[in-house]
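Before any comments, here is the structure.
The values are calculated or read from the model by the stated rules, or taken from the named source; none is laboratory data. Predicted model, so just to flag it, every value in this text is computed and none were measured. Because the Cβ atoms are built from the backbone with ideal geometry, glycine has one as well, and the counts that use them run over all protein chains shown.
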Ligand SMILES: NC(=O)c1ccc[n+]([C@@H]2O[C@H](COP(=O)([O-])OP(=O)(O)OC[C@H]3O[C@@H](n4cnc5c(N)ncnc54)[C@H](OP(=O)(O)O)[C@@H]3O)[C@@H](O)[C@H]2O)c1
């Protein structure tokens, strides 16, 4: 039997790190998932491991990739939308190329903002969980200026849309440092310990099925 999309989640940025762990958690709870990312190999591997997982390829940093995601979202009706993808250059602002800063803004903020706009414009209000950053969304982040700027913007957008659409179950989940490929192996913050993305994914999933409609949850900034 084909399972209706209303019983599915979509994860933007599902191929590794937090998004992949979230996909495993949702499937373990019998909740089918469509995962999106750029690289096919890790998505195919997840599909082989998880019978309830399917995937689509899209580059969220490019207008065509964002169009693909939006078209898909409007054609289907997902119950849950997890906006997980994010990233940016790790260097002093002037040492990174401008195109890398633009990439950070597209993938971390603009793609998710466009998804929210398309849903709101179409009067479609599934549960949406945005992934922020307890560190980068509310303070400076050395070596990650464009990433921090995008996370601040995401937080501002969430707070403002809560005012525009008080009945929309639109949540912001802000994790602390996690042991994923996003955090460079030589990042000094790793010395203080980092969270296991499996634990964070469990927490996101449990929160998503809780009644905290429209809230903002901050996972502790640092394990220590
Ligand atoms: N790791 C941390 O310490 C930390 C701390 C606080 C907040 N966060 C946030 O948590 C979220 C998940 O981070 P993570 O650590 O799990 O990151 P990650 O390991 O780098 O995974 C990022 C995911 O996003 C996808 N992605 C990246 N660029 C994309 C693009 N242009 N188009 C489509 N998909 C793209 C990646 O797949 P492809 O490369 O195949 O596209 C991958 O599936 C992010 O929003 C991040 O900002 C992370």
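For this structure, a couple of remarks:
- Some residue of the range 144-151 being away from the ligand (no atom under 16 Å from the Cβ), in a helix (DSSP H, G or I) and within 25 Å of residue 68 (Cβ to Cβ): no
- Residues that are part of a helix (DSSP H, G or I) and touching a residue at least 60 places away in the same chain (Cβ under 8 Å) were ranked within the range 21-50; the one that is surrounded by the most Cβ atoms within 10 Å (Cβ to Cβ) is 22.
- Matching residues, the range 125-135, being modelled with pLDDT of 95 or more and either surrounded by 21 or more Cβ atoms within 10 Å (Cβ to Cβ) or not in a strand (DSSP E or B) (or both): 125, 126, 128, 129, 130, 131, 132, 133
- Test result for residue 138, crowded, with 19+ Cβ neighbours inside 10 Å and under 20 Å from residue 109 (Cβ atoms): no
- Among (1) away from the ligand (no atom under 12 Å from the Cβ); (2) closer than 21 Å to residue 183 by Cβ; (3) at pLDDT 95 or above - the single one residue 139 does not satisfy: (3)
- The lone exception for residue 181 - which of (1) crowded, with 17+ Cβ neighbours inside 10 Å; (2) on the phi < 0 side of the Ramachandran plot; (3) touching a residue at least 24 places away in the same chain (Cβ under 8 Å) it fails: (1)
- So residue 122, is it within 14 Å of the ligand (Cβ to nearest atom), modelled with pLDDT of 95 or more and under 30 Å from residue 67 (Cα atoms): no
- Criterion: over 18 Å from the mean Cα position of the chain (by Cα) and farther than 30 Å from residue 63 by Cβ - qualifying residue of 143, 215, 192, 176: 192
- Scanning the range 51-106 for residues that are within 19 Å of residue 128 (Cβ to Cβ), more than 10 Å from the ligand (Cβ to nearest atom) and crowded, with 18+ Cβ neighbours inside 10 Å turns up 70, 73, 78, 80, 81.
- The range 171-191: number of residues that are over 18 Å from residue 86 (Cα atoms) and away from the ligand (no atom under 12 Å from the Cβ): 3
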